[in-house]
Amino acid sequence: MLIRASKTDAASNQLDVAIELLLSNRDPLAVRTLAAAAFRLYSDLVEAAQSGASWRERLIADSGLPRKQALEVLNGVSNFLKHADHDPLATISFEEEENDHLIFFSTIECGELGSGLSLTMQAFQIWYLACYPNSLRGTEPSRKSLEALPGMPALSRQERLARGVEFLHAAKARYASAA
């Protein structure tokens, strides 16, 4: 079967699968690979529309690091996961929660494109803001996320993921037919 997709469609599909895997507490390496690919596509598309407007560029600028070094930090894990020609015996370590932040920034980049966020992305944003209420402290989205998923910051990682996948499945059951 021939598969045909735009760059935006590809990024959205990759991100939706990354979110499903993350909330289902599946392989963090696969989550990172998919989330990083989506983030790169979205960021490149935002940059193509307006140079310097992507969140990737904002993160680089805000890092205070030279551009090359900032890109190494942003892309280090994903580059490790897709290239074996340098240091084939190397290992990698990273904090699993970095995937949460990468996915959140990917959803923001998707929104920057004016593309509608999928139901999966919308549910993830609510989950993320409930887990990390200081990221948009005091804003309406943060407050509403905590109302939808109260007590999230106090839960263990496993409990937050379990609540997240339940929330996603409930949202799909309720709203997927309306989409």
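Bear in mind that the values in this text are calculations on the coordinates, not laboratory data. Given the structure is predicted, the values throughout are model-derived calculations rather than measurements. For neighbour counting, all protein chains shown are included, and Cβ atoms are generated from backbone atoms with ideal geometry for every residue, glycine included.
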Please specify each residue of segment 115-135 satisfying the condition of being polar (S, T, N, Q) and surrounded by fewer than 18 Cβ atoms within 10 Å (Cβ to Cβ).
-> 115, 118, 122, 134, 135
Check segment 136-156 and report whether any residue there is loosely packed, with under 15 Cβ neighbours inside 10 Å and β-branched (Val, Ile, Thr).
-> yes
Being in a loop (DSSP other than H, G, I, E, B), closer than 23 Å to residue 21 by Cβ and out of contact with any strand residue (DSSP E or B) (no Cβ under 6 Å at 6 or more places or on another chain) narrows 89, 102, 117 down to just 117
Give the residue that is surrounded by the fewest Cβ atoms within 10 Å (Cβ to Cβ), with candidates limited to residues of segment 23-36 that are in contact with a Leu (Cβ under 9 Å, 6 or more places away or on another chain) and free of Cβ contacts under 8 Å to residues at least 60 places away in the same chain.
-> 27
Unmet criterion (only one of (1) in contact (Cβ under 8 Å) with a residue 12 or more places away in the chain; (2) assigned to a helix (DSSP H, G or I); (3) of a type outside the set (S, T, N, Q)) for residue 72 | (1)
Taking segment 157-179 as the search range and keeping residues that are free of Cβ contacts under 8 Å to residues at least 40 places away in the same chain and loosely packed, with under 12 Cβ neighbours inside 10 Å, which one is nearest to residue 104 (Cα to Cα)?
-> 170
Inspect all residues belonging to segment 3-22 and state whether any of them is touching a residue at least 24 places away in the same chain (Cβ under 8 Å), touching an Asp or Glu at 6+ places or on another chain (Cβ under 6 Å) and either assigned to a helix (DSSP H, G or I) or surrounded by fewer than 22 Cβ atoms within 10 Å (Cβ to Cβ) (or both).
-> no
Write out, first by first residue and then by second, each pair whose Cβ atoms fall under 8 Å of each other, whose residues are 6+ apart or on separate chains, and whose first residue, in segment 124-144, is part of a helix (DSSP H, G or I) while the second is among the basic types (Lys, Arg).
-> 126/144; 127/160; 127/163; 131/160
Which ones in segment 23-67 are among the hydroxyl-bearing types (Ser, Thr, Tyr) and either under 16 Å from the mean Cα position of the chain (by Cα) or part of a loop (DSSP other than H, G, I, E, B) (or both)?
-> 24, 33, 42, 43, 51, 54
Looking at this structure, is residue 54 crowded, with 18+ Cβ neighbours inside 10 Å and either among the β-branched types (Val, Ile, Thr) or touching a residue at least 60 places away in the same chain (Cβ under 8 Å) (or both)?
-> no
